1. Based on the Cβ-Cβ distance from Arg164 to Arg29, what FRET efficiency comes out when R0 is 41 Å, to the nearest 0.05?
2. Taking the chain, how much of its Cα-Cα pair set, in percent, is spaced more than 30 angstrom apart?
3. Using only Cα atoms, locate the centre of region 1-63 and the centre of region 74-132, then give the distance between them in Å, rounded to an integer.
4. Using the structure shown, list the pairs from Lys117/Lys151; Lys117/Lys156; Lys108/Lys141; Lys17/Lys158 with a Cα-Cα distance above 31 Å, or answer none.
5. Provide the gained length on full extension for the span Asp124 to Asp69, in nm with one decimal, where the gain is 0.36 nm per separating residue minus the Cα-Cα distance.
6. Ordered by packing density, taken as the mean number of other Cβ atoms within 10 Å over each peptide's residues, highest first, how do 81-90, 57-66 rank?
7. Using only alpha carbon pairs under 8 Å that are at least six residues apart, calculate the relative contact order of region 12-166 and give it in whole percent.
8. Mind giving me the nanometre distance, one decimal, between the label points for Arg106 and Glu80, set 7 Å out from Cα along Cα→Cβ?
Amino acid sequence: MSALPILRYPDPRLYKKAVPVTEFDGGLRTLVENMAETMYDAPGVGLAATQVDVHRQIIVIDLSRDKSDLRVFINPEIIEREGQQFCDEGCLSVPGIYEPVERAERIKVRAFDLNGKPFVLDADGLLAVCIQHEIDHLQGKVFVDYLSRLKQTRIKAKLQKQLRETA
Ligand code: NI
């Protein structure tokens, strides 16, 4: 397994739309293992393939503290949403920034597992936030896009400064 480089906001590649996975093969399994490694290494609680410049509909999430609850969603689709919640969100592509975003409180998501088997999951709270955040990535959307223009401009400036300082 190996950790992959993570694209940083406002990299234009974060705005590409991912295509559905059609082959549930060894290559997919390796990619998912590498994505999980990348997420744990960062460390973070969720990662979309888009963030590692692979534009296929794959997300990994693990909200546990001990890497014991890896969830993989292939071709995920939200089929029901209910209620609303505001939660401070962060993103591995937008390091050091946390801002509240409005999300549905409860969702029903349909997806496929690594073997190509479909499943449906009901999620609420933080898991629901995380799934909505990661599915946004697959659609070429970053949580910063929900914020005011002013905040977006400030965040871009801050990240560009970080990049210059590390370069
Ligand atoms: Ni993110």
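1. Result of the calculation: an efficiency of 0.60.
2. Everything past 30 Å amounts to 13 percent.
3. 15
4. Beyond 31 Å: Lys117/Lys151; Lys117/Lys156.
5. Values: separation 55, 0.36 × 55 = 19.80 nm, distance 1.60 nm.
So the chain would gain 18.2 nm between Asp124 and Asp69.
6. With the highest mean Cβ count within 10 Å placed first, the list reads 57-66, 81-90.
7. It rounds to 24 percent for region 12-166.
8. Each label point is offset 7 Å from its Cα along the Cβ direction, giving 0.8 nm.
FYI, it's all coordinate maths here, none of it is from the lab. In this text, all values refer to a predicted model and were calculated from it rather than measured experimentally. Cβ atoms come from the backbone with ideal geometry, glycine included; neighbour counts cover every protein chain shown.
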